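Colleague: This structure is in structure tokens; I'll ask about it shortly.
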């Protein structure tokens, strides 16, 4: 019988201490894996809540812009359009005229919890319990009254009568305002005529000279305009003549081609029916090709002549137009110089007239400003009445469509 020393290690298995160490390591690794998976799941849930809040915010804004909802009434109809609303619980925690704060949680779970302002902003963590604002009840819009056809017609008729009455009243008021405006202008014009009589006596000599200069200017312009019309008519005539000749040449070209084609086709028909020999067909085909070449050459020459005629007509017209513009520029320059002299002569006589004219313009400006304000008020009344009528007509159409 053999004995083993107490500290000698067995070669057939693990000791209890080794097994405990292995179990502890495996437990640690398993705990790390569970924590990692739990963290990933939490982040996925948070991302899902954030995406749902952004979708809800877009839907709420659409309800406000398109359907005229407020922040307190837009949440309920918006929730009906959210596809995953059944899995997520939305709670309104704060609603004002400018914002709507909503929290989102998965049903039956307190965490994660995300919060967003529907008026704009990013999703954030919900405040800690005890700091959270008490939930605000979502106001559901009352169902609209369903009109009968008679009620809708009556409402529309009443709205139209109100619209017409408002227009008539505004028109009557506008007539009174316009009459006052015209009278103020008339008074200012009467005074201006007296002042202008004095002014025109001083500048009559300058006006006489200016009339002569202007007469020369308009005479030159009229003469050049007449010549330009003649030149343009010649251009159009040359162009039309070239176009007409081109049409004749093209008709001859197409007629010649058609005749050649007809002869060729007739010969080819006889050839296929063996009424003529191959040599005869080859001779006909050769004559056809020669005829087509001749026709094409004639058409090419005619087209070249057409393009040359058009180029010549365009060049002549361009030269005539350039001469016209030069003559007009010279006449304008001469008239500008004469007008400059006239204005210089007017400067001395205009000193007193400027003061009188300033007073006239002040009176006209005051009357115009008053008329502008009255006209603006008239347009606002008309626009408001038109908007009310348009809204009434829109409601009428909705009510009729709902029947």
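Colleague: Is it the case that the stretch 148-160 has a residue that's modelled with pLDDT under 85 and part of a loop (DSSP other than H, G, I, E, B)?
Modeller: Within the stretch 148-160, none of the residues are modelled with pLDDT under 85 and part of a loop (DSSP other than H, G, I, E, B).
Colleague: Pick out the one residue from 172, 177 that is assigned to a helix (DSSP H, G or I), without any contact (Cβ under 8 Å) to a residue 12 or more places away in the chain and either in contact with a helix residue (DSSP H, G or I) (Cβ under 9 Å, 6 or more places away or on another chain) or within 30 Å of residue 373 (Cβ to Cβ) (or both).
Modeller: 172
Colleague: Can you name the condition, by its number, that residue 209 falls short on among (1) in contact (Cβ under 8 Å) with a residue 12 or more places away in the chain; (2) farther than 30 Å from residue 352 by Cα; (3) loosely packed, with under 15 Cβ neighbours inside 10 Å?
Modeller: (2)
Colleague: Return yes or no: is residue 37 more than 20 Å from residue 124 (Cβ to Cβ), part of a helix (DSSP H, G or I) and modelled with pLDDT under 70?
Modeller: Yes, satisfied.
Colleague: I've got another one for you. Just to be sure I understand, how many residues within the stretch 344-381 are in contact with a helix residue (DSSP H, G or I) (Cβ under 6 Å, 6 or more places away or on another chain) and over 30 Å from residue 202 (Cβ atoms)?
Modeller: Total satisfying the criteria: 4.
Colleague: Restricting to the stretch 120-134, name every residue that is over 15 Å from residue 50 (Cα atoms) and either under 35 Å from the mean Cα position of the chain (by Cα) or modelled with pLDDT under 80 (or both).
Modeller: Matches in the stretch 120-134: 128, 129, 130, 131, 132, 133, 134.
Colleague: Being surrounded by fewer than 12 Cβ atoms within 10 Å (Cβ to Cβ) and either touching a helix residue (DSSP H, G or I) at 6+ places or on another chain (Cβ under 9 Å) or within 22 Å of residue 388 (Cβ to Cβ) (or both) is the filter here, so list the residues in the stretch 188-200 that pass it.
Modeller: Answer for the stretch 188-200, where residues must be surrounded by fewer than 12 Cβ atoms within 10 Å (Cβ to Cβ) and either touching a helix residue (DSSP H, G or I) at 6+ places or on another chain (Cβ under 9 Å) or within 22 Å of residue 388 (Cβ to Cβ) (or both): just 194.
Colleague: Further, regarding this structure: What tally of residues in the stretch 278-324 results from selecting those that are in contact with a helix residue (DSSP H, G or I) (Cβ under 8 Å, 6 or more places away or on another chain) and surrounded by fewer than 12 Cβ atoms within 10 Å (Cβ to Cβ)?
Modeller: The qualifying residues number 1.
Colleague: Could you grab the pairs with beta carbons closer than 6 Å, sequence gap of 6+ or different chains, first residue in the stretch 296-323 and without any contact (Cβ under 8 Å) to a residue 60 or more places away in the chain and at negative phi, second one surrounded by 14 or more Cβ atoms within 10 Å (Cβ to Cβ) and in a helix (DSSP H, G or I)?
Modeller: So the pair list comes out as 299/253; 302/249.
Colleague: Continuing with this model, one more query. Hey, any hits in the stretch 263-275 for a residue that's within 26 Å of residue 246 (Cα to Cα) and surrounded by fewer than 15 Cβ atoms within 10 Å (Cβ to Cβ)?
Modeller: For the stretch 263-275, residues within 26 Å of residue 246 (Cα to Cα) and surrounded by fewer than 15 Cβ atoms within 10 Å (Cβ to Cβ): present.
Colleague: Tell me, please, whether a residue that is closer than 30 Å to residue 167 by Cβ and modelled with pLDDT of 90 or more can be found in the stretch 343-364.
Modeller: yes
The values are calculated or read from the model by the stated rules, or taken from the named source; none is laboratory data. These figures come from a predicted structure and were not determined experimentally. Cβ atoms come from the backbone with ideal geometry, glycine included; neighbour counts cover every protein chain shown.
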